[in-house]
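In what follows, a structure is listed as structure tokens, so that the remarks can point back to it.
The values are calculated or read from the model by the stated rules, or taken from the named source; none is laboratory data. Please read all numbers here as calculations on a predicted model, not as lab measurements. Quick reminder, even Gly has a Cβ in these numbers, built from the backbone with ideal geometry, and neighbours come from all protein chains shown. Accessible surface areas use protein heavy atoms only, side chains included; no ligands, DNA or RNA. Shrake-Rupley method; radii C 1.70, N 1.55, O 1.52, S 1.80 Å.
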Amino acid sequence: MLSIAIDGPAGAGKSTLAKRLAESIGFLYVDTGAIYRSVGLFAHKQNKNCECDQEVISVLPDLELTITHEADGLQHMLMNGEDVTFQIRQNEVSRLASLVSRIPEVREFLLKTQRNMAKQHSVVMDGRDIGTVILPDAALKIFLTASVEERAKRRHAELLQKGSQVSFEQICSEISSRDEQDSNRTIAPLKAAEDAIVVDTSILDLEESFQVLRGLVEENLGI
Ligand code: DC
């Protein structure tokens, strides 16, 4: 099995690009943010405060997460059997996911699930700590980034298209605080692995970014 790790901050285009890259080389795409989102959603539904480590940790024994890949080409998340694939995309869940992802017990709880996926399939896995912690032996590590303004612009356009009324300023401040929280936590902070190739997509559109990644795979893995 071969693994490609794609890490980087929110809104750099990781999920769209990782998914397309996986399809183009016949690997399984694994979106690890979805599992942190599911933990945040579950804790919230159990009326727990995601800012309180102990409250979140207390629900973990009652949570069974399953990742499936369906005919619609999407990765589906099942939370105790309930399909929450679309619920976890709500803007509020992004904040909950970032909060629960600070908790060492949560990261430990999710570690095996992620490593098992990479044992069973060749994967393109996207997240924050895939190259540094989850798959340190990945065949190729890419750190995908872009300026805060550019990432906020993209996220804003995406939300407007979905009918959301949120302002650009709000998105910009949410992205900055999520960057801050993800980069400064003590456990598995967002940072490029020493052997990662950094790709800045600030001045690239999606097609150009994809071509850069596709080129890196060809150059480094010969596929
Ligand atoms: O990629 P995303 O926006 O769906 O991720 C949601 C949150 O989950 C993000 O704020 C940080 C956290 N996360 C993480 O800590 N480690 C990962 N491998 C993936 C996501």
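Quick one: in the range 59-79, of everything that is charged (D, E, K, R) and under 20 Å from Asp31 (Cβ atoms), which residue is modelled with the lowest pLDDT?
Within the range 59-79, the match that is modelled with the lowest pLDDT is Asp72.
Taking only the range 120-161 into account, find how many residues are of a type in the set (Val, Ile, Thr) and part of a helix (DSSP H, G or I).
5
Just one of the numbered conditions (1) within 16 Å of Tyr29 (Cβ to Cβ); (2) outside any helix (DSSP H, G or I) is not true of Met117; which one?
If we test Met117 against (1) within 16 Å of Tyr29 (Cβ to Cβ); (2) outside any helix (DSSP H, G or I), just (2) comes out false.
Would it be correct to say that Ile67 is touching an Asp or Glu at 6+ places or on another chain (Cβ under 8 Å) and not hydroxyl-bearing (Ser, Thr, Tyr)?
Judged against the criteria, Ile67 is not a match.
Taking Glu149 as meeting all but one of (1) of a type outside the set (Val, Ile, Thr); (2) buried (at least 22 other Cβ atoms within 10 Å of the Cβ); (3) in contact with a helix residue (DSSP H, G or I) (Cβ under 9 Å, 6 or more places away or on another chain), write down the number of the exception.
(2)
Which of (1) within 13 Å of the ligand (Cβ to nearest atom); (2) of a type outside the set (Asp, Glu); (3) surrounded by fewer than 18 Cβ atoms within 10 Å (Cβ to Cβ) does Pro9 not meet, given it meets every other one?
(3)
Take Ala43 and tell me if it is of a type in the set (A, V, I, L, M, F, W, C), closer than 27 Å to Lys14 by Cα and more than 20 Å from the chain's Cα centre (by Cα).
No: the conditions fail for Ala43.
Only one of these is farther than 21 Å from Thr16 by Cβ, among the β-branched types (Val, Ile, Thr), at pLDDT 95 or above and open to solvent by less than 40 Å² (accessible area, probe 1.4 Å): Val124, Val84, Val93, Val56. Name it.
When all the criteria are applied, what remains is Val56.
If you go through the range 177-223, how many residues are open to solvent by 60 Å² or more (accessible area, probe 1.4 Å), aliphatic (A, V, I, L, M) and part of a loop (DSSP other than H, G, I, E, B)?
Summing the residues that are open to solvent by 60 Å² or more (accessible area, probe 1.4 Å), aliphatic (A, V, I, L, M) and part of a loop (DSSP other than H, G, I, E, B) in the range 177-223 gives 2.
Name the helices (runs of 4 or more DSSP H) wholly inside the range 12-101 in which the number of residues that are touching a residue at least 60 places away in the same chain (Cβ under 8 Å) and among the β-branched types (Val, Ile, Thr) is 1 or more.
14-25, 33-45, 91-100
From the list Val148, Val166, Val93, Val199, which one is within 13 Å of the ligand (Cβ to nearest atom) and hydrophobic (A, V, I, L, M, F, W, C)?
Answer to the check: Val93.
Mind telling me which of the residues Ile134, Ile130, Ile142, Ile103 ends up being away from the ligand (no atom under 13 Å from the Cβ) and not small (Gly, Ala, Ser)?
Ile142
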